[in-house]
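Working notes, structure below.
The values are calculated or read from the model by the stated rules, or taken from the named source; none is laboratory data. In this text the structure is predicted, and so the values were computed from the model without any measurement. Using ideal geometry, Cβ is built from the backbone for each residue, glycine included, and neighbour counts are taken over all protein chains shown.
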Amino acid sequence: MELTFLGTSSGVPTKLRNVSGLALRKQASKFWYLVDCGEGTQHQLLNTNLSLKHLRAICITHVHGDHCYGLPGLLATTAMSGRTEPMTIIAPKGIKEFISAVIKTTDIHLSYELNFVAVEELDSPMEFEEFDINQVELSHRVPSFGYTFVERNISKKLDTDKLDSLGVPRGPLWGKLQTGESIVLDEGKELKAEDCYLENKAPRKVIICGDNDTPDLIMEESTNASLVVHEATYTKKIAEKVGPGPQHSCAKTVAEFAESSKLKNLILTHFSARYQPDRDKPDSIFDIENEARQNYSGNLFIANDLDVYQLDKQGYVKRLHTKDREAYK
Ligand SMILES: [Zn+2]
Ligand SMILES: [Zn+2]
């Protein structure tokens, strides 16, 4: 699986960080999924090899502008690319009203159908070619959601040592197990296909969260997740200054959640514009990173715009590519 960060700033864009947008795709697939679409997301896409023609679905976490103001422009551009395939948008109900109003008032003619799915009503996973997508409720000033992506159609590898030790002869019986069929052994015992695959072929799950002040809300969902992408808008010190009320998470809260849930990989994003790339500035992005590292011992990344991350088959995340690394000294 591959994740490309299209925007990592909260609220407003900065010279180095655009507002929220994240592309997800299965390794080597040209089809992809977009989570959030802040203003300028389509410009960010120009720096990637992702094509609007192959965008399977758009998931919007909540109605705040830094997560959805880019949607009308992106949909209009998609029409100009000649797309005719319908586009699924999973989003809070307000987003449908927002898009319908823009289409009506600005005379947009889409060349494809929009299929809106209200995230509030999504109570079982929605099946796509590459992933099953479901939602998890978060806590923010407005209703906010996280999206879980569980991979589908993974190639299942047979545990050949196990089959040999059970005396299952190579040939048609192995073929049956490979296609998911159970078989009956000579002694009349049934052997289920799912008991014959190698462990690490379990489908991987990624959780991509919208704005959220209570990371523990995804504790249960994250028990079998390989990776969580979560906002860390502030450090604890600044979060306390900003004041109480349902809003955002600080690096410490997210890190503590990740540590207690034994999460393997955590990527932080959605940083307040006050955090500078320079290590010596009073509010530095490194303050967020340090606070998170002090409270989480797993594999941690601080996302930058246009970073590409790969989740490998063993469930380990690595950063493949980062742009403007020089800016972060
Ligand atoms: Zn936001
Ligand atoms: Zn928000």
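Here are the numbers for the structure shown:
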| quantity | calculated |
| --- | --- |
| Close pairs (6 angstrom Cβ cut-off, 6 or more residues apart or separate chains): under 21 Å from Ile89 (Cα atoms) in the stretch 138-156, of a type in the set (Ser, Thr, Tyr) and in a loop (DSSP other than H, G, I, E, B) anywhere | Leu138/Ser144; Ser144/Thr61; Phe145/Thr61 |
| Qualifying residue in the stretch 117-124 (condition: in a loop (DSSP other than H, G, I, E, B), without any contact (Cβ under 8 Å) to a residue 40 or more places away in the chain and of a type in the set (A, V, I, L, M)) | yes |
| Among residues of the stretch 41-82, those that are assigned to a loop (DSSP other than H, G, I, E, B) and within 14 Å of ligand 1 (Cβ to nearest atom), counted | 7 |
| Subset of the stretch 183-218 [assigned to a loop (DSSP other than H, G, I, E, B) and loosely packed, with under 14 Cβ neighbours inside 10 Å] | Leu185, Asp186, Glu187, Gly188, Lys189, Lys192, Leu198 |
| Count of the stretch 268-297 residues which are within 16 Å of ligand 1 (Cβ to nearest atom) and not in a helix (DSSP H, G or I) | 8 |
| Residue tally, condition of a type in the set (Ser, Thr, Tyr), assigned to a loop (DSSP other than H, G, I, E, B) and either over 26 Å from Leu311 (Cβ atoms) or at pLDDT 95 or above (or both), over the stretch 133-169 | 2 |
| Pairs, first over 14 Å from Ser9 (Cα atoms) in the stretch 19-35, second away from ligand 2 (no atom under 16 Å from the Cβ) and among the acidic types (Asp, Glu), C-beta under 7 Å, six or more apart | Arg25/Glu2; Lys26/Glu130; Lys26/Glu151; Gln27/Glu2; Ser29/Glu130; Phe31/Glu129; Phe31/Glu130 |
| Some residue of the stretch 227-248 being modelled with pLDDT of 95 or more, touching a Lys or Arg at 6+ places or on another chain (Cβ under 7 Å) and either part of a loop (DSSP other than H, G, I, E, B) or crowded, with 18+ Cβ neighbours inside 10 Å (or both) | no |
| Residue identified as over 23 Å from Leu16 (Cβ atoms) and surrounded by 14 or more Cβ atoms within 10 Å (Cβ to Cβ) among Phe286, Phe271, Phe257 | Phe257 |
